[in-house]
1. Restricting attention to region 443-502, and to residues there that are at pLDDT 70 or above and of a type in the set (Lys, Arg), which single residue is farthest from ILE66 (Cα to Cα)?
2. Search region 238-260 for residues that are farther than 28 Å from ALA63 by Cα and in contact (Cβ under 8 Å) with a residue 60 or more places away in the chain and pair each with any residue that is loosely packed, with under 15 Cβ neighbours inside 10 Å and not β-branched (Val, Ile, Thr) when their beta-carbon atoms are under 8 Å apart and the residues are at least 6 apart or on different chains.
3. Would you tally the residues in region 173-197 being over 27 Å from the mean Cα position of the chain (by Cα) and farther than 16 Å from GLU240 by Cβ?
4. List every residue pair whose Cβ atoms lie under 7 Å apart, where the two residues are 6 or more positions apart in sequence or sit on different chains, the first residue falls within region 348-367 and is closer than 15 Å to LEU453 by Cα, and the second residue, located anywhere, is open to solvent by less than 80 Å² (accessible area, probe 1.4 Å) and among the small types (Gly, Ala, Ser).
5. If you scan region 81-106, which residues turn out to be under 19 Å from the mean Cα position of the chain (by Cα) and within 30 Å of THR433 (Cα to Cα)?
6. So, of the residues in region 66-81 that are among the β-branched types (Val, Ile, Thr) and crowded, with 18+ Cβ neighbours inside 10 Å, which turns out to be nearest to TYR198 (Cα to Cα)?
7. Which one is farthest from GLU240 (Cα to Cα), of the residues in region 82-98 that are modelled with pLDDT of 90 or more and open to solvent by 80 Å² or more (accessible area, probe 1.4 Å)?
8. Filter region 345-356 down to residues that are surrounded by 11 or more Cβ atoms within 10 Å (Cβ to Cβ) and of a type outside the set (D, E, K, R) and give me whichever is modelled with the highest pLDDT.
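The values are calculated or read from the model by the stated rules, or taken from the named source; none is laboratory data. Note that the structure is a prediction, hence the values are computed from the model and not measured. Heads up, the Cβs are rebuilt from the backbone with ideal geometry, glycines too, and the neighbour counts pull from every protein chain shown. Note: areas computed on protein heavy atoms with side chains; ligands, DNA, RNA excluded. Shrake-Rupley method; radii C 1.70, N 1.55, O 1.52, S 1.80 Å.
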Amino acid sequence: MSAYNRNNSPCLKWLRCQMKKKLMKSRILLIAGLSLLTLAAAWKFALAPHWTQRLPPGWSWQANYIGISTYPDPLTGEFPPEDNTATYQRSIRIVSEIERPRVVKVKDAYIIRDIASGKVTWEYNLNVEVNPATGEYLVPEAQGQYIVFPRQVEKKTYVFRSNYLKGIPLEYQDEEDIEGITTYLFTYLGRGEYTESYSGTEQYPGIPVKVAQEIKCADDQLVFRVWVEPLTGEILKMMESCLSGDYIYDIASGQKITAVLRWAGTTGGDDVLIRANQIRAERARLQWFEVYLPAITALIGIILLVGEGVKRSSVRSRYMKRFFISITTRTLAGQAIGFIFAAVIGLTVLYFGIRAQVYDTIRTSGLAAVEMLEDVLKQDPDLMKTGSMSHRESLDLAIDEFTANFSSISRMSVVNSHLYVVADSELQTGVVTDQTALIETMQNPVEDSVPFLFTRFDQRYMRLSQVIHGQYNTARDSEVIGAMSIDLSLSEAEMRINAIFI
């Protein structure tokens, strides 16, 4: 056979065609690998900063906590020895994003209510423009001041300007672990002047102040502390107070004129748990956008380049053998991948289905315990009184019996109509409850409350809250005499579920 015929035989033509296809495939994989590396770089340095802005689209922040709000006696003009308990609600939300990414407009709202009546005792609202990327104010007189902490918080002093606060220097103090989250503590102690915050709203009449006067915290004793998660910049816990009292001052002489308000508030209880869950979710989102997704994209690109993109040629005999083997291998590999994919999807659906059923079973048992305890309280309403030692001991014994009979119960709490703790397996009686969910339940009674899932010390819990009905009270115009909550442990059930799948 001539050389021409050998070079143009059907077998060689077929082999050259297959090798050209292989070369083209290698080029496609090479291009794909380089494209993925480019995408990873673009994602990290161009897309991620846009998607991880400090105030992303739809962002909002809210804190609900308990404190005191005590006005002076109208006859003496002095603060009474005992303080009035109040609920505090802080919120910041975006109200306009038309000019994003340069600026967003936010509403900064603060409201204090009497804990028993629910009436507004103080309110102050602001609408301001801030930089969505950093959380800084954009007005010239407040440049360099923050309405929220930025991402990647540093251990330094930040000038904080939020609601009634007019640019106070918050100094870094220490690292503290709260609910399993590492936080930076920033503090301020000093002058607090906030005359405008007493100007009044539709719900709050305000305090009139003359031109030559101002309202400030007496003796420069304004205290403000925040615990901030450093990656997200989100506040986990906050404490603020002016226990020396706000007074109207004469600016020229610096003399006190009239007492205005003694106040203090600290986030705790449910609010810290809620904020901790939100911060964990935000941390995970930021890490995926900033680290994991670009890293995975880059890794896949490198694998394509190293594994396939650089392979351009092979020995003819080895290629023939590998080609026929590869058909079988690819078929089996495709079947295996399909089987694994279907198995993962099926097991995932099965896992969450079983977990939902287990959660529902635990919730049902918890509701049964709540109903049994409610029946006990209905039969003996005197158990809701905080002054009687015998009644308190009886209710404590009833709660101990419930926790003993229901192994999943980790905490039970009962409060009366004034939100004072009547019985609690963790908290002392006679104090205002630390569970904002109970306050919300009392102020907005519903028959079927939504379970609250939270993590505490790496353990999962479900909290159920429910009002307690009793004899109709004409003064309150309600038959609700109190509320109760029950914490159910989910960790043991989750361990049993995981043992089945792992």
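1. Among them, the one singled out is ARG496.
2. The qualifying pairs are THR258/GLY77.
3. So the answer is 2.
4. That search, which allows pairs on different chains as well, returns VAL358/ALA493; ILE362/SER408; ILE362/ALA493.
5. TYR88, GLN89, ARG90, SER91, ILE92, ARG93
6. THR70
7. ILE98
8. Looking only at region 345-356, we keep the residues that are surrounded by 11 or more Cβ atoms within 10 Å (Cβ to Cβ), and these are 347-348, 350-352, 354-355.
When the remaining residues are screened for being of a type outside the set (D, E, K, R), the result is 347-348, 350-352, 354.
Numbers: LEU347: 70, THR348: 72, LEU350: 74, TYR351: 70, PHE352: 72, ILE354: 77.
Top of the filtered list is ILE354.
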